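Notes follow once the structure below has been shown.
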Amino acid sequence: MKKKISIMLVTILVLMSAMPLMSFGAAQDETILKIGVKQEPDSLNPFVSWEMASFEIFMLTYDSLVKFDRNYEVVPSLATSWELSDDQLTWTFHLRDDVKWHDGEPFTSADVKYTYEAFQESEMGMYYTSLGGITAIETPDDYTVVISTDSPKANMLQNVTPILPAHIWQDQPLDSIADFEDTAMVGTGPFKFVSWDMNQQVVLDRNPDYFGQPANVDHLIYVIYANNDTMVQAIQNGEIDVALELDYVDIKSALSNENITDYAYEENGFTELAFNQSEWSGNFNQLIQNKMIRQAISYAIDKQKIVDLVYDGSSTIGSTYIPPSQGEWHYAVEGDKLRGYDPEKAISLLESEGFTSVDADGYRSNDSGDKLSFLLLSRSDNTSEVKVGQMVQSYLKAVGIELNIETVDDGVLYDRTMGEKDYDMFIWGWGGDIDPTVLLNVLTTDNIDNLNDIFYSNPEYDAIVEAQTHEMDRAKRVEMVHEAQALLYEELPYDILYYAENHQLVRNDLITGLTPTVSGAVFFANTIVNYADATFITEAAESSMNSSAPAENTADSTPAESESESDGGGSSGLVIAIVVIVVIGGGFFIWQRNKSKKANENQKNEW
């Protein structure tokens, strides 16, 4: 039996080598960049999306007025140049006149005006917070936009709001725009949206008419994995070219593979223990809104041991809201103000609040019978965070606090935190922008029912965040950003547990042309430069050979015959669909299955 199977396999391989590969949407000589991710978009509608996965796709399919280069310097995009008036209240942007939407319609200033006004009026989504202070938008001609502000706007050029096609979106009522689905996702960007198969993949095609630097690859596929282990195995097997957002503990087995390059960097974001600050409705223990109890919880947690045991010491213990990777924007707490692991201090704070009675199980209560018993929601699809939750539970028990844990999927977590509010704490995280305003805005009162997932409200904090957006003196603005973080550190609506070290793995035997950004990341780095630069090694070699070959031989040159030989993993010319070859009586047939495109359902998945 084994011998017969071997002969059949050899026959199949011979037949496969003698016939052209068939694929859905990709010719044999077209290149497909496959990037492994753990999270799919929560929505393809920029008005309701929160997630980094969606943000990345928006950057690739749409364009903004300006964008960031590899060094995070502002460079032109849809705008070629701009001026600021002497009073710093009027910005004039001059637009490109050669840009087409993916459906062939011309891009004009009307699209900019519609987009900015729609985000402002709807007060929805992550881009709304970037447009604060804008009072008027004028379009004197098709390629000029004049933006007026009520006061100087320090972050105007850090605004990467994707410009939407007015001819598609403007007929949608703003009160129901959250429900609108532009299934074609028409943009101006370097890639065109093709399909989203939920829990499977997102497919984009290169825009051959892009006004900027076109991508070298023909197709881009985000392959969605349920867990890190499977993704790491896939890149080792050559099934994908890139694997993103991995922890050090996940990649150790891959580091000895000479065909894999590890790009490590400290993330622009954090993982936090969040505390319910919503108006009390009876669905949670109101004791969690006592600042001293929250501080006691913080003292009780050994963050360094969490980092060491869960992340092999590869992350940094957390403190303040803007991460250290953001340089001068990060507020470093010093001296006695810094809360470290101190269970005795935690007990002292709890007893000062009247929680002196201890029951047979070791849990504290006050004279009124109010018990320090809380509910933590933990994300079931993130095994590291589940472990973190269990360690927090153990630390809190040591100081007399009962912590019950429910593990839920991300959709349930979103509903429980933003809707029912029947929780006391949860573990989740945020990724930041290059400018600190976006992250600071999350906890402002204006973002309640939008980005503010714990319903925290503090007028003093709101005022500081608003003021720093208008301060054009950078040193003074840095001081304001520090002041806002100091307030949050004292109030403790979030206890920042750690700043993760992330890892991005790349198959260096398949892909070339990649250069890390100044942050250390290659992809998901607030810029699209590496999507344009990524080149398959076989393709780069052919280009080099062709450029040095005699002119008369150029027309006869042919593509390399085996762009997908290396380790079974070259994605150049790979078949997207599953191809099954059955050998029957010396003949064969091919069966192809193309995953059907599912409906664009809104669900919240954390990267």
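With all pairs of different alpha carbon atoms counted, what Kirkwood hydrodynamic radius in Å does segment 342-390 show? It is 12.7 Å.
In square nanometres and to one decimal, what's the mean projected area of the convex hull around the Cα atoms of segment 403-458? Walk me through the numbers on the way to the answer.
Numbers: hull surface 18.3 nm².
The Cα convex hull of segment 403-458, projected and averaged over all directions, gives 4.6 nm².
Each 5 Å bin from zero up to the one holding the largest Cα-Cα distance in segment 323-405 carries the following percent of pairs: 3, 13, 17, 16, 16, 16, 12, 5, 2, 1.
By accessible area, using a 1.4 Å probe on protein heavy atoms only, segment 186-245 has 40% of its surface on carbon and sulfur.
Stretching Ala475 away from Gln120 to a fully extended chain increases their span by 124.9 nm, per 0.36 nm per residue minus the current alpha-carbon distance. With one equal scatterer per alpha carbon and no solvent term, the Debye-computed log10 I(q)/I(0) for segment 399-524 at 0.15, 0.19, 0.21 1/Å reads -0.92, -1.17, -1.27. To the nearest 0.05, what FRET efficiency results for Gln170 and Ser357 with a Förster distance of 60 Å applied to their C-beta separation? The calculated FRET efficiency here is 0.45.
Just list whichever of Lys337/Lys397; Lys100/Lys153; Lys38/Lys252; Lys38/Lys397 have alpha carbons separated by over 22 Å in the model shown. Working shown, then result.
Working: Lys337/Lys397 25 Å; Lys100/Lys153 30 Å; Lys38/Lys252 18 Å; Lys38/Lys397 33 Å.
The answer is Lys337/Lys397; Lys100/Lys153; Lys38/Lys397.
Work out the P(r) tail for segment 146-229: percent of alpha carbon pairs separated by more than 21 Å, whole number. Value for segment 146-229: 54 percent of Cα pairs lie more than 21 Å apart. Ranked by the mean number of other Cβ atoms within 10 Å of their residues, highest first, the peptides 509-522, 461-474, 234-247, 81-94 come out as 234-247, 509-522, 461-474, 81-94.
Can you run the Rg to Rh ratio on segment 126-186? Use alpha carbon positions and the Kirkwood inverse-distance Rh.
Result for segment 126-186 is an Rg/Rh of 0.99.
If you take the square roots of the eigenvalues of the alpha-carbon gyration tensor of segment 198-265 and sort them as a ≥ b ≥ c, do you get rounded (a/c under 1.5), prolate (a/b over b/c) or oblate? Prolate, because a/c is 1.5 or more and a/b exceeds b/c. Derived value for segment 54-110: Kirkwood hydrodynamic radius 13.0 Å. Basis is the mean of 1/r over every pair of different alpha-carbon atoms. Once the chain from Gln286 to Lys252 is taken as fully extended at 0.36 nm per residue, the excess over their C-alpha distance is 7.9 nm. Model label sites at Asn259 and Leu338, defined 7 Å from Cα along the beta-carbon direction, differ in position by 4.5 nm. At a probe radius of 1.4 angstrom, the accessible area of segment 424-491 per residue rounds to 34 square angstrom.
For a straight C-alpha distance cut-off of 13 angstrom, the aspartates and glutamates reachable from Lys421 (same-chain residues fewer than eight places away being disregarded) are Glu279, Asp449, Asp453.
The values are calculated or read from the model by the stated rules, or taken from the named source; none is laboratory data. Here the structure is a predicted model, which means the values were calculated and not measured. Quick reminder, even Gly has a Cβ in these numbers, built from the backbone with ideal geometry, and neighbours come from all protein chains shown. What goes into the accessible areas is simple: the full protein's heavy atoms, side chains included, and nothing from ligands, DNA or RNA. Shrake-Rupley method; radii C 1.70, N 1.55, O 1.52, S 1.80 Å.
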